[in-house]
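Written below as structure tokens is the structure these notes are about.
The values are calculated or read from the model by the stated rules, or taken from the named source; none is laboratory data. Quick caveat, the model's predicted, so the values are computed rather than measured. Cβ coordinates were reconstructed from backbone atoms using ideal geometry, including for glycine residues, and neighbour counts include every protein chain displayed.
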Amino acid sequence: MNTVEIKNDKTRLAELWEKTEKTLAAKAAEKHIPLGGAFELTPRCNLRCKMCYIRMDKRQMDQIGHERTAKEWIALAKEAIEAGTLNLLITGGEPLIRDDFEEIYTAISYNPIDKQTVDNVRNGILGALRSITIAALSYKHGLLVHSSSIIWNGEGIVFAAPSGEGKSTHTNMWRQKYGTEILDGDVTALRIIDEVPYAYGLPWCGTSGEFLNKRVPLRAVVFLQRAEKNRIEKLNFQEAFIRLASRCFMLPYDERMTNQFLNVAQEIASKTDCYLLECLPDYEAVELVKKCLEKS
């Protein structure tokens, strides 16, 4: 079979499929059968694409109501299938942001996937965005800090610690008691512009669902550490630099990028008040930080 014959066969198949599709759609419409549909599992999204109109964060979602449960979506899907639906588009927002996405997809799909596959896709998207941002920031005099941050009196307060140390708990207590905005619940970008340090919320979020695409002057970096009683101390430059560098994301692609990262971390540590907060997950720890910042 030559090339011309192959092209002719493809054209005939396309024409046949178009005719079949139109016939099927016409018969379905006549009998009121929904051949296809879309399930918008959530209006939440961990990105902030300007051209998109479905991109709520967790706080906005909580203000307007709640999402359907996995059980409700599965029941709706079964009703659609029984009514003759052949194709369901699962969309959002970002449907992968739901913890029960695997349960919903597995229940209604002919090609079930496991949790590992869902996690790989979800983490792969965020991982790629993070890597790009780290590289871009390194050339823009900036870095990313594993932290939860707030906006207090128009300035950014960054609470940095390893996972599970209580960063989100602490910043949520600030919001509950003082109504402070959470700049970012997972990662904060820091940059030096005209010798002034700034804190940025990212255009996407991690597991916290909390993020604002804003820039504010950086007021302080507070390193959290669990303890049996609350205590705060101001760190000298050397201690601040070591702790800050250890809480940042770094891609040591080459010597130049590594040196840029270390230079930025050094400059931020020298220009910013940095503290070690040994604390319990209580409001006394919040008051301790607030009073310390007010005095300095």
Q | Residues of segment 234-272 classified as within 24 Å of Trp152 (Cα to Cα), of a type outside the set (Phe, Trp, Tyr) and exposed (fewer than 15 other Cβ atoms within 10 Å of the Cβ), total | A | 4
Q. Does segment 202-220 contain any residue that is surrounded by fewer than 20 Cβ atoms within 10 Å (Cβ to Cβ), in a helix (DSSP H, G or I) and of a type outside the set (Val, Ile, Thr)?
A. no
**Q.** Cβ-Cβ under 9 Å pairs, at least 6 apart or on other chains, segment 20-38 side without any contact (Cβ under 8 Å) to a residue 60 or more places away in the chain and in a helix (DSSP H, G or I), far side surrounded by 10 or more Cβ atoms within 10 Å (Cβ to Cβ) and of a type in the set (Val, Ile, Thr)
**A.** Lys27/Ile33
Q: Any residue in segment 277-293 that's surrounded by fewer than 17 Cβ atoms within 10 Å (Cβ to Cβ): show its pairings with residues that are part of a helix (DSSP H, G or I) at Cβ separation under 6 Å, as long as the two are six or more apart or on different chains.
A: Pro281/Thr169; Tyr283/Met173
**Q.** Among the candidates Ala240, Ala245, residue that is part of a helix (DSSP H, G or I), within 17 Å of Leu218 (Cα to Cα), over 25 Å from the mean Cα position of the chain (by Cα) and among the small types (Gly, Ala, Ser)
**A.** Ala240
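Taking the residues in segment 122-163 that are assigned to a loop (DSSP other than H, G, I, E, B) and over 30 Å from Lys290 (Cα atoms) as candidates, determine which candidate is modelled with the highest pLDDT. Full working, then the answer.
Taking segment 122-163 and keeping what is assigned to a loop (DSSP other than H, G, I, E, B), we get 139-141, 153-154, 161-163.
Then drop every residue that is not over 30 Å from Lys290 (Cα atoms), which leaves 139-140.
Values: Tyr139: 82, Lys140: 88.
If we take residues in segment 122-163 being assigned to a loop (DSSP other than H, G, I, E, B) and over 30 Å from Lys290 (Cα atoms), then Lys140 is modelled with the highest pLDDT.
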Q: Please give the number of the condition Cys49 fails out of (1) loosely packed, with under 12 Cβ neighbours inside 10 Å; (2) at pLDDT 80 or above; (3) under 15 Å from the mean Cα position of the chain (by Cα); (4) not acidic (Asp, Glu).
A: (2)
Q) Does Arg231 qualify as being under 19 Å from Arg130 (Cβ atoms) and surrounded by fewer than 16 Cβ atoms within 10 Å (Cβ to Cβ)? A) no
